[in-house]
Every structure is written in C-alpha cells, then in structure tokens.
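To start, the structure under review is shown below, and the notes come after it.
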Amino acid sequence: MTGKRVKEKQIVTLMVELYCRKNHRVGGICSDCQELLDYAEKRLDNCVFSDEKPACKQCLVHCYKLAMREKIREVMRWSGPRMLFYRPGVAIRHLLSKPYKSTGQTK
C-alpha cells in the first residue's frame, strides 16, 4: 500500500472518529460509524486508480453504494471544518496536498 492511501485512510479515520465522538457520544466509535469506516477503507484498498486517485467527489467512478456515499458525505461535511480546530496540522497538510484546480477564469 502506498503512502498516499495510508494518509487518506488516516484522514478518513480521524474524520469518522471525530464525527462519532461529537455526535453519537458512545465512548468510542459506534457500530454504524465503524461499519462506514471499514467500508471506506475497503474502497480505498480496491480503488482502480491506485496512486493517481482523485478526490472521491471528483472521481469518474463512484465505487461507494449510494447509502454509504451519503453517510461519508455527511461525516466529511461535518468533520472537515472542525478538523482545523481538533487536528490543525493534519487538516492543513491535507488541504495543501490537494492539487489546485483551475476554473479557467482570469481576473
């Protein structure tokens, strides 16, 4: 497994754990969130794009089942902004590692 996939798994794990801890408050990770995390890790392991993998929301191949895609979106929408407060170093590195996407517009 490559370093990029390991880092993506770490980010997903942190986001799911933060979401679960703040929303479900079960003293660990609940079974639903653990199921989502296991599913996300499996999808990352089996990604057809390997190291050239784009962000999932920009990917041409949606390998998540619709229900799981909605769950991970909810987790990422909630956790993403909060990562800056709870894990600022990880969040900033993650944001800086994304390639700049030009809109084609000029000033």
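Remarks
- Counting only protein heavy atoms and a probe of 1.4 Å, the accessible surface of the stretch 1-96 is 56% carbon and sulfur.
- In sequence order, the stretch 75-85 has phi-based couplings of 4, 5, 4, 6, 6, x, x, 6, 4, 4, 8 Hz under the Karplus curve 6.51 cos²θ - 1.76 cosθ + 1.60, θ = phi - 60°, and Gly or Pro positions carry x.
- The heavy atoms of Cys47 offer some 20 square angstrom of accessible surface to a 1.4 angstrom probe.
- The Cβ shell under 13 Å around Val90 holds other residues with a net charge of +3, Lys and Arg each +1, Asp and Glu each -1.
- Maximal additional length on extending the Ile92-Lys22 stretch stands at 23.1 nm, based on 0.36 nm per residue less the C-alpha distance.
The values are calculated or read from the model by the stated rules, or taken from the named source; none is laboratory data. In this text the structure is predicted, and so the values were computed from the model without any measurement. Reconstructed Cβ throughout: ideal geometry from the backbone, glycine too, with neighbour counts over all protein chains shown. Please note that ligands, DNA and RNA were not included when accessible areas were found on the heavy atoms of the full protein model with its side chains. Shrake-Rupley method; radii C 1.70, N 1.55, O 1.52, S 1.80 Å.
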